[in-house]
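Written out below as structure tokens is the structure these notes cover.
The values are calculated or read from the model by the stated rules, or taken from the named source; none is laboratory data. Predicted, not measured: the structure shown is a model, and the values here were computed from it. Cβ placement follows ideal geometry from the backbone for every residue including glycine, while neighbour counts extend to all protein chains displayed. All accessible areas refer to the heavy atoms of the entire protein, side chains included, with ligands and DNA or RNA removed. Shrake-Rupley method; radii C 1.70, N 1.55, O 1.52, S 1.80 Å.
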Amino acid sequence: MHRTIMQLALCLWLVIPTLADASQDLLEIGHISLYSDAQEKNTSRSQIKLERLDEGGIAIHYVLPEHQALRYSYAGFSVVFPEPTGDVRSLVFDAKVADGAVDPHTITLRTRDGQVYRREYSGYSKLTGQWQTVRIPLSDMAVPEGGAGKIYNIRITVASHSMRDDIDLLKGSIYFRNMRLSSEPAGGAVELPDYRSILADRPRFKQPMGHAAWVYDADERFVEQIASFNESSAVPINMLWVSSAGLVVEGGSARLTPIKQDLHWWIEHAPPGVKVYAMIGSGNGRELGKLPAQEQERIGVQIAELINQMEGVA
């Protein structure tokens, strides 16, 4: 029995030797395990696979369909290693993506005394099909001075999505190599604009409060219903969206269908105090979103210029 225990201890030492400095590849000396939402629910269809690369490093292959019960899905890997020695300032690794993979979602550091430091990957190097080095200062993850020496575990969620993001499937491969806790300093994440402040500066409530209504046909009956409602309501319908045209997305571009005469009819027949707006159907929004940004901008400008030239449209 004592011999068995000694053999086990020797095996563990061979798998995870003492980390002498901050230059050793944690993927080579650490213990790697995978995780996904399949560990929460056996009904999950998520798949994740680890591949050791002949030239060194690892590949994570994943397929994440939406999980109707959990309402989210995710996949990632965990590396456990001995605590580093020396001055540690940053997490450094090489990475690339393939087969439609996205940038990593989150990075989490854990310490022996139970501290957890987590942040989203957003703001660091945008990964491509070519190897590139990513440097993340531990200060970005709020690791206190002197706390880096207790880190023993890195978890990287390589992909995650919920029912709210309108994505049916995430699939791809992401590659890592030369992962280390380094004494090298690193620049912080690129801070993305805080769009909330932009929204907060927009003028609000410069017109009386009112209801909005949507119509898809020209019909005298609807005019009477709106007028009747406005006579009896303290908050009237003052914004009318008229189905006016649609978008056709094909061949890498978008085109506008002809403007319906219903829009002109409503401009002439709308009840007093009701402004008429042109509603453009986006068609298949996912297909529209796949178009190059320049094409999306082109069709947007075209629509705006066309509608702005029409008299009577709000």
TODO: For the range 13-148, report the accessible area per residue in Å² (1.4 Å probe, heavy atoms, rounded to an integer).
DONE: 50
- [ ] Anything over 18 Å Cα to Cα? Flag those among LYS96/LYS126; LYS49/LYS96; LYS49/LYS126; LYS96/LYS171; LYS49/LYS171, in the order listed.
- [x] LYS49/LYS126
Task: FRET efficiency, SER233 to GLN302 (Cβ-Cβ, R0 51 Å, nearest 0.05) - done: 0.85
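Pull out a ≥ b ≥ c, the square roots of the eigenvalues of the alpha-carbon gyration tensor of the range 48-113, then state rounded if a/c is under 1.5, prolate if not and a/b is larger than b/c, and oblate in the remaining case.
oblate
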Task: Size of electric dipole in the range 135-185: Cβ of Lys, Arg +1 and of Asp, Glu -1, about Cα centre, debye, nearest 20 - done: 260
Task: Karplus-derived HN-Hα couplings along the range 249-259 (A = 6.51, B = -1.76, C = 1.60, θ = phi - 60°), whole Hz, x at Gly and Pro - done: 10, 6, x, x, 9, 10, 9, 8, 6, x, 5
Open item on the list: Starting from the 7 Å offset along Cα-to-Cβ, what nm value, one decimal, do you get for the label separation of ALA314 and ASP54?
Closed with: 6.7
Task: Test item: Cα-centred dipole of the range 252-314, Lys/Arg +1 and Asp/Glu -1 on Cβ, debye - done: 200
Task: Rounded FRET efficiency, nearest 0.05, which uses the C-beta distance separating MET279 from LEU169 and R0 of 41 Å - done: 0.85
Open item on the list: Just to compare against my own numbers: the Cα pair-distance distribution for the range 266-307, 5 Å bins, whole % per bin, please.
Closed with: 5, 17, 20, 19, 14, 9, 10, 5, 0
Task: Förster radius 22 Å - calculated FRET efficiency between ALA142 and HIS31 (Cβ-Cβ, nearest 0.05) - done: 0.30
- [ ] Pop a pseudo-label 7 angstrom from the Cα along the beta-carbon direction at both ALA293 and THR43 and give the gap in nm to one decimal.
- [x] 4.0
- [ ] Rounded, prolate or oblate: pick one for the range 207-291, where a ≥ b ≥ c are the square roots of the eigenvalues of its C-alpha gyration tensor, a/c under 1.5 means rounded, and failing that, prolate if a/b is larger than b/c, else oblate.
- [x] prolate
Task: Carbon/sulfur fraction of accessible area - the range 42-90, other protein chains in place, 1.4 Å, % - done: 46
